[in-house]
Amino acid sequence: MAISGDPLNLIICGVGGQGNILISGLIGNALMKKGYHVTIGETFGASQRGGAVFSTLRMSTKKSYGPLIPQGKAHLILGLEPLETLRMLQRYGNPGVVCVTNTHPVLTIGALSQKEKYPSCNELKGAIEKLSKLACFVDATSIALKLGAPIVVNIIMVGALIGSGQLALERVDVENEMRNIFPPERMKLNLRALEMGIGRKA
Amino acid sequence: MRNIAEQEAGTYALLLGNEAIARGALEAGVQFCAAYPGTPSSEIIGTLATVAKDIGIYVEWSVNEKVATEVAAAAAFSGLRGLAAMKNAGADVALDFLTHLNLTSIGDGGGALLLVVCDDPQAHSSAEEVDTRWIAKIANAPLLEPADVQEAKDLTKWAFGLSEEFKCWCFLRSYTRLSHAHSGVMLGEIPQPEKKAVFDTTKHYIPFPTTPKHAILHEKLLKVQEIFESSPFNSYTGPEQPELLIICSGSGWPCSLDAVEILGLRESVGILKLVTLWPFPQRFVAKYLTRTTRVLVVEEVDPFVEAHVKETAASHSAEVLPLEIYGKNSGHINPVGEITPDGVIHALAEIFKLEYQAREASYEQMVQDIAKPLVIDRGMLWCPGCPHRASFLSLRKAIRRDGRKAVVVGDIGCYTLDIFPYGPQQSNVLHCMGSGAGEACGFGQLASLGSEQPAIGICGDSTFFHASIPALINAVYNKSNMTLLVLDNYATAMTGFQPHPGTGRTATQDTTTVVSIENLCRALGCKVEVRDPFDIKETTATLCELMRDESGPKVLILRRKCELLRMRQERKRPYRVWVDPEKCGGGKCVFCYKVFQCPALSQNKETGKAQVLEEICPGCGVCADICPYKAIVKEEIR
């Protein structure tokens, strides 16, 4: 059953370079064509690659809301990276929030250089589970590597979001939007990625 | 950038704030657009450049914001509609021209000029969070601040008409949460611009005699104020006599709506949204001030509206009741950083003495106990394969070898990441575009006053053209012993790879003359060397040599293409790179992953040796040359 709320506040988070902004637009356009008012805010600071990036998407049947989600008011978090999902829960989480997240880490620069510790996969999953009403975990990066294209993690996660049934969005809505943004030669791979994501619901 | 002109009138489209501004300009019949890139403003010209040839308008990336404004003004003087766009700091650069411009009219041929400035409250991607709205007052220009994406489009279109009517440039203030927000926009018609540029040479547009012209400008603004007093862009929602009146602008509007809704205060709080901010619509605001006794002003950065609300209350003191005015000065609204719904919620909760918790206490406690210990910062550093990482390693080595405590002056670009928390922190001083050269020029002049420290300035290729050249000429003229490092990566990389005068390409992808940095510097009389930053040995040696040379300014150009740009163009890795665990010093060395810090290098937890993360490594191979144990191997990929 889809989660409810008006406005419904969706957060899409990840790391620079993971294609977070692309899928926010994809989801936003698909929702708008279904008749919702949609506003998306993007927070990416100075990051080209490697910094934390998140989009806030607010949908409503009544009006266009502002782009910022108040603290503790997320309904749904779509995470392309588990530490970023937890970071969003820290600020926007509440007992009713649903998370759909990739479990594969992108290590921080501090962790890579051994200056601090990146939490273990189990620590992250445990924390995300405790702070959500429902948490769907998907190892999207491994699926993407199997498809030979690490770049499609974002589309796999859109698939996982549809598969979770938490958002009023059908596969066909997303496929139609994908045709607007990907050149024909890239469609096959991305449709496959979407399908793999849908099948991987928790 | 997508083609926003393809979308037909009557379509309800999801547009980025900056795309909406571009669309509004097109719907107004803009014919000449110019800008220097800067986050969060860059997509305005990026979008217009994409459609320029289809529609038949002129779009350029200018060398800096002052020039962008000047060239766009020329179009206005010739009867066309011109637009100049920039970020907050860019408006500072253009300020000299802006304060002079409205002292003359902007022509009598029906032209118009709109300045769009995108402020960056919270400094998400800036080194300052200046509130540029004050420029409207300083320079006597009508100021408009849209509060959502639809309004950004509509107001842009309308502002051209205002500029044309009053023959003065108008100021549209955007900000990060508008420029970088997407929302639904109802699109209008784009006319086919057919007007020819003609300048009437019987006319003269000069600011002299200045004082009488200043007086004429003030009279003109009084007329603009009359229009603003009844502008439909300003609006009120709420009870007839609110217990509290929120007066807001820009991002303050959606944040106030959220706050009032969440606290359930719709019956008692009214919201007055102001869009036409200067000249301030005093009578319009006074009308609402008479209906309440408490006012909260919500706006981003400085108390600009707040100051004018207080001024309005004072000049209408006979009509209004004694007022409590809350805002920045009272401490209810943060005078720094961006406005958030939570900021307004807390202000209202304090005024109405309400208890507000964003979420229940038990959940908050869980967040503190479970999430907080795990969530580490995700610092930002250069991309894998970035030439700057190697350049800064050489800089560090050269300064140590030289041993005289060289002073390093940084600048604005990707290389600013040097001073971010995980960066190598070589820059001692860093401020704004071009100050790398300017301040280094001063440090290089201090030998006669006792300094024994070499001076090193840094700039990028785009920054060099933007603001470093006058400082370099100053260094030549006054014989400053500075060394300027020009980190040339063939692009304005940080803002999205926009071309610049050194790239041989224009905004609309035409080929053009390449302005050679080295030829220019040599012509000025500087000693110039060019090195590949990946040749760390040679770069370090050259830098040491230049620091010892006391014959005046020296320029070292470190030239290598931005890795993101290279990968985009070539789509392949030059090398396969791996670590030979037999040779690797592992935990007793740590140089590659702890000092050099390429994100593709880390320590294998099991073996303790360094490893290359295949999925991240772009195969630049520079790490093979920095490894003290010669344990990193690179093999050319054919």
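Remarks
- Of everything listed in (1) surrounded by fewer than 24 Cβ atoms within 10 Å (Cβ to Cβ); (2) on the phi < 0 side of the Ramachandran plot, the single unmet condition for B:GLU19 is (1).
- Within region B:132-155, the set of residues being of a type outside the set (A, V, I, L, M, F, W, C) and closer than 21 Å to B:ALA20 by Cβ comprises B:THR132, B:ARG133, B:PRO142, B:GLU145, B:PRO146, B:ASP148, B:GLN150, B:GLU151, B:LYS153, B:ASP154.
- Positions within region A:116-143 being of a type in the set (D, E, K, R), facing chain B (nearest Cβ under 9 Å) and in a helix (DSSP H, G or I), in sequence order: A:GLU123, A:LYS130
- Close contacts from region A:33-45, counting a first residue that is more than 7 Å from chain B (Cβ to nearest Cβ) and in contact (Cβ under 8 Å) with a residue 24 or more places away in the chain and a second that is buried (at least 20 other Cβ atoms within 10 Å of the Cβ) and among the β-branched types (Val, Ile, Thr), with Cβ to Cβ under 7 Å and a gap of 6+ residues or different chains, come to A:PHE44/A:VAL53.
Conditions tested, residue by residue: (1) buried (at least 21 other Cβ atoms within 10 Å of the Cβ); (2) more than 15 Å from B:ILE135 (Cβ to Cβ); (3) touching a residue at least 24 places away in the same chain (Cβ under 8 Å).
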site: B:PHE77; (1), (2), (3): yes, yes, yes
site: B:ASN88; (1), (2), (3): yes, no, yes
site: B:PHE97; (1), (2), (3): no, no, yes
site: B:HIS100; (1), (2), (3): no, no, yes
site: B:ILE106; (1), (2), (3): yes, yes, yes
site: B:VAL117; (1), (2), (3): yes, no, yes
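- Filter result (assigned to a helix (DSSP H, G or I) and surrounded by 15 or more Cβ atoms within 10 Å (Cβ to Cβ)) within region B:351-375: B:ILE351, B:TYR363, B:GLU364, B:MET366, B:VAL367, B:ILE370, B:ALA371
- Within region B:217-236, restricting attention to residues that are surrounded by 14 or more Cβ atoms within 10 Å (Cβ to Cβ) and either of a type in the set (Ser, Thr, Tyr) or without any contact (Cβ under 8 Å) to a residue 40 or more places away in the chain (or both), the residue that is nearest to B:ILE333 (Cα to Cα) is B:TYR236.
- Test: residue in region B:475-484 that is surrounded by 15 or more Cβ atoms within 10 Å (Cβ to Cβ), out of contact with any Pro (no Cβ under 9 Å at 6 or more places or on another chain) and touching a residue at least 12 places away in the same chain (Cβ under 8 Å): no
- Within region A:49-91, the set of residues being over 29 Å from A:GLY110 (Cα atoms), part of a strand (DSSP E or B) and facing chain B (nearest Cβ under 8 Å) is empty.
- Scanning region A:6-21 for residues that are modelled with pLDDT of 95 or more and either within 8 Å of chain B (Cβ to nearest Cβ) or more than 23 Å from B:ASP148 (Cβ to Cβ) (or both) yields A:CYS13, A:GLY14.
- Boolean, A:VAL138 is under 30 Å from B:PHE596 (Cα atoms), crowded, with 19+ Cβ neighbours inside 10 Å and in contact (Cβ under 8 Å) with a residue 60 or more places away in the chain: no
- For region A:92-101, filtering for residues that are more than 7 Å from chain B (Cβ to nearest Cβ), under 16 Å from the mean Cα position of the chain (by Cα) and assigned to a loop (DSSP other than H, G, I, E, B) leaves 1.
- Evaluation of B:LYS609 against the conditions (1) buried (at least 17 other Cβ atoms within 10 Å of the Cβ); (2) within 12 Å of chain A (Cβ to nearest Cβ); (3) within 18 Å of A:ALA111 (Cβ to Cβ) shows that the sole unmet condition is (2).
- Number of residues in region B:236-273 that are out of contact with any helix residue (DSSP H, G or I) (no Cβ under 6 Å at 6 or more places or on another chain) and within 23 Å of B:ALA141 (Cβ to Cβ) equals 3.
- In region B:202-212 there is no residue matching the filter, namely being at pLDDT 95 or above and either closer than 20 Å to B:ILE21 by Cα or buried (at least 24 other Cβ atoms within 10 Å of the Cβ) (or both).
- Yes/no for A:ILE155 being among the aliphatic types (A, V, I, L, M), crowded, with 19+ Cβ neighbours inside 10 Å and more than 9 Å from every other protein chain (Cβ to nearest Cβ): yes
- Residue that is farthest from B:ASN519 (Cα to Cα) [pool: residues in region B:546-563 that are out of contact with any Asp or Glu (no Cβ under 8 Å at 6 or more places or on another chain) and buried (at least 16 other Cβ atoms within 10 Å of the Cβ)]: B:GLU563
- Number of the exception - B:LEU348 against (1) outside any loop (DSSP other than H, G, I, E, B); (2) of a type outside the set (Gly, Ala, Ser); (3) closer than 30 Å to B:ALA491 by Cβ; (4) more than 9 Å from chain A (Cβ to nearest Cβ): (3)
- Strands (runs of 3 or more DSSP E) contained in region B:10-122 and holding at least 1 residues within 14 Å of chain A (Cβ to nearest Cβ) and within 30 Å of A:GLY28 (Cα to Cα): B:12-16, B:81-87, B:112-119
- Of the residues making up region B:123-164, those that are away from chain A (no Cβ under 14 Å) and either without any contact (Cβ under 8 Å) to a residue 40 or more places away in the chain or assigned to a loop (DSSP other than H, G, I, E, B) (or both) number 8.
- Conditions (1) of a type in the set (Gly, Ala, Ser); (2) in contact with a helix residue (DSSP H, G or I) (Cβ under 9 Å, 6 or more places away or on another chain); (3) more than 14 Å from chain A (Cβ to nearest Cβ); number of the one not met by B:GLY496: (3)
- All of (1) surrounded by 24 or more Cβ atoms within 10 Å (Cβ to Cβ); (2) within 23 Å of B:GLU563 (Cβ to Cβ); (3) facing chain B (nearest Cβ under 9 Å) hold for A:GLY28 with one exception: (2).
- Answer from B:ARG378, B:ARG283, B:ARG389 - the residue that is under 30 Å from B:TYR575 (Cα atoms) and in a helix (DSSP H, G or I): B:ARG389
- When each of B:VAL590, B:VAL622, B:VAL633, B:VAL577 is tested for being closer than 24 Å to A:THR108 by Cβ, free of Cβ contacts under 8 Å to residues at least 60 places away in the same chain and either out of contact with any Cys (no Cβ under 7 Å at 6 or more places or on another chain) or surrounded by fewer than 18 Cβ atoms within 10 Å (Cβ to Cβ) (or both), the lone residue that passes is B:VAL590.
- B:CYS383, sole failed condition from (1) surrounded by 23 or more Cβ atoms within 10 Å (Cβ to Cβ); (2) in a helix (DSSP H, G or I): (2)
- For region A:116-133, a residue qualifies if it is touching a strand residue (DSSP E or B) at 6+ places or on another chain (Cβ under 6 Å), crowded, with 19+ Cβ neighbours inside 10 Å and not β-branched (Val, Ile, Thr), and exactly one does: A:SER132.
- Filtering B:GLU267, B:GLU240, B:GLU261, B:GLU319 for residues that are assigned to a helix (DSSP H, G or I) and surrounded by fewer than 17 Cβ atoms within 10 Å (Cβ to Cβ) leaves a single hit, B:GLU261.
The values are calculated or read from the model by the stated rules, or taken from the named source; none is laboratory data. Just so you know, these numbers come straight off a predicted model, no measurement behind them. Glycine gets a Cβ as well: all are built from the backbone with ideal geometry, and neighbour counts include every protein chain shown.
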